[in-house]
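Beneath this line is the structure, given in structure tokens, with notes to follow.
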Amino acid sequence: MKTSHSWVVVACLCALDVARASADFGDPLSGLSPAQVTQFDEGLDAFQESETVADGLGPVFNENACVTCHLGPGAAVGGNTTRLETRFGTTTGGAFDPLVALGGSLRQDHGIGTGDGTIAFPPGCSGVSFAAEVVPPSATIVAGRRTTPLFGLGLVEAVPDSVLQQLANTEAQQSPSTAGSVSLVTDADTGTPGRVGRFGWKAQVATLHVFAGDAYLNEMGITNPTFPDESCPQGDCAALSCNPVPALNDDGDDVTHFADFMRLLAPPPRGTLAPSDTEGENRFGQIGCTNCHTPQLQTGPSPIGALANKTFAPYSDFLLHDMSSLGDGIQQNTATGRLMRTAPLWGVRVQATLLHDGRATTLTAAILAHDGQGAAARDQFVALNQTQKNKVLAFLASL
């Protein structure tokens, strides 16, 4: 099988990854100015803050703080947990239907109940209790989604759209059977169409500010200038007449602080790299894994010096690929149920579960679950002898 990016593998072994330096999990980027460190700290405060009903939490939500889902490894902030959120939908006339009228496609699995006593419900709402949503019986597609780690996302955001578009073109020329496609989205902040998405399992978000605003609304129920409309509990928009905090919940400050935290968060530090891991990385490229898990990318100009023109090693092209049975069945924007964004592999050594739904608990299981455009590389891995497999796995365990 033709390997499109084997040259990148060699470069990755030789190049100094200045973007990683010696930062640990949860640390800010190296080389920030004092003012930028303050931005990071303020962002960390917002990231760790627990929202209350008085703050606008809910009325349906998943968790009351960003850090609840983005925690680890250990006490480090910015990673992920084994918690899954639920997406659901069905097909109608051959097309994906997110069942918006029934609360889809994201299930919010907490409700504020009758509130926490910090604020009164509107008149006429005595006895109203907001309950957790459930997956409706009409849903024929149900998918679990792991929280994506936040480490190094400022570097990912700083890659110009044109670089990812060119990468898609290069893949189409050099390895057409595994070529990815860019996810083109409309920037919710500006209304600008044609931005290249790179965040989320479907690459459905192009910028960290939009990512933050979306999370505040959909995960915590906190409305904000980018997403000012409350989620209708189980699709029942009339129930919002009893929303105890109907006004805009966040004026944009917390969303901006959260975006700053992500933007200035250091990438995962590389683990110990033994000589055998180098051989394993070469084999990783030879069997076709780097056709999608691109070892290195480079940022463009940035007003943040620590992000400007940096080479970094995410092991992802951040493009959409047809994964066939490994797709989650959910459509978001133009990403169909079979299309999934290539998951970055940096930091994979500290993740307890793997793949979008956490079904794999070992690297081998994650590889064997690959399908569609990942099937050929999977089969080549299976064909390796045990020594060769072990070297590939040792390399992955160093990321």
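Read-outs: derived from the displayed coordinates by stated rules, not from any lab. Not measured: the values here are computed from a predicted model. Here Cβ is always computed from backbone atoms with ideal geometry, including for glycine, and neighbour counts include all displayed protein chains.
Details
- Computed from backbone phi, the HN-Hα couplings of the range 236-242 come to 8, 5, 5, 5, 5, 5, 9 Hz, rounded to whole numbers (Karplus: 6.51 cos²θ - 1.76 cosθ + 1.60, θ = phi - 60°; Gly and Pro given as x).
- Estimated FRET transfer efficiency (Leu248, Thr92; beta-carbon r; R0 56 Å; 0.05): 0.95
- Residues with amide H under 5 Å from that of Leu71, placed H, sequence gap 5 or more: Gly78, Gly79, Asn80, Thr81
- Cross-link reach list, aspartates and glutamates versus Lys391, counting only Cα pairs under 18 Å and skipping chain neighbours closer than eight places: Asp277, Glu279, Glu281, Asp379
- Within straight-line cross-link reach of Lys310, aspartates and glutamates at Cα separation under 15 Å, skipping those fewer than 8 residues along the same chain: Asp17, Glu157
- From largest to smallest, the equivalent ellipsoid semi-axes obtained for the range 45-149 from the alpha-carbon gyration tensor read 26, 24, 9 Å.
- Dipole orientation for the chain: of the candidates Asn62, Phe130, Thr342, Thr342 has the Cα lying most toward the positive pole (charges on Cβ; Lys, Arg +1; Asp, Glu -1).
- Residues whose amide H comes within less than 5 Å of that of Thr91, counting only those at least five positions distant or on another chain, are Asp97, Thr140 (H built at 1.01 Å from N in the peptide plane).
- Separation of alpha-carbon centers, the range 298-336 and the range 242-280, rounded to whole Å: 15 Å
- Karplus (6.51, -1.76, 1.60) ³J(HN,Hα), θ = phi - 60°, over the range 99-111, in Hz, Gly and Pro reported as x: 6, 4, 5, 10, x, x, 8, 9, 8, 8, 9, 10, x
- From the alpha carbon centroid of the range 67-103 to that of the range 345-371 is 17 Å.
- With the simple spin-label model, which puts each label point 7 Å out from Cα in the Cβ direction, the Ala76 to Gln165 separation comes to 3.5 nm.
- Annotation: amide H of Phe130 within the under-5 Å range of Ile112, Gly113, Thr114, Gly115, sequence separation 5 or more or interchain, hydrogens built in the peptide plane.
- Equivalent ellipsoid dimensions for the range 302-348 as semi-axes, Å, which come from the Cα gyration tensor, largest first: 29, 13, 7
- Proximal aspartates and glutamates to Lys202, defined as alpha-carbon separation beneath 12 angstrom and excluding residues fewer than eight positions away on the same chain: Asp322, Asp328
- Here the range 263-399 is treated with +1 on each Lys and Arg Cβ and -1 on each Asp and Glu Cβ, and its dipole about the Cα centre works out to around 280 debye.
- Residue by residue, the range 58-70 carries 3J(HN,Hα) couplings of x, x, 10, 6, 9, 9, 9, 8, 4, 5, 4, 9, 9 Hz when phi is fed to the Karplus relation 6.51 cos²θ - 1.76 cosθ + 1.60 (θ = phi - 60°); x denotes Gly or Pro.
- For the range 291-392, the fraction of alpha-carbon pairs in successive 10 Å shells from zero, as %: 14, 39, 32, 14, 2
- Over the chain, Cα pairs under 8 Å with separation of 6+ residues give a relative contact order of 23 percent.
- Per-residue ellipticity at 222 nm, computed for the chain from helices alone with -39500 (n - 2.57) per DSSP H run of at least four residues, works out to -8000 deg cm²/dmol.
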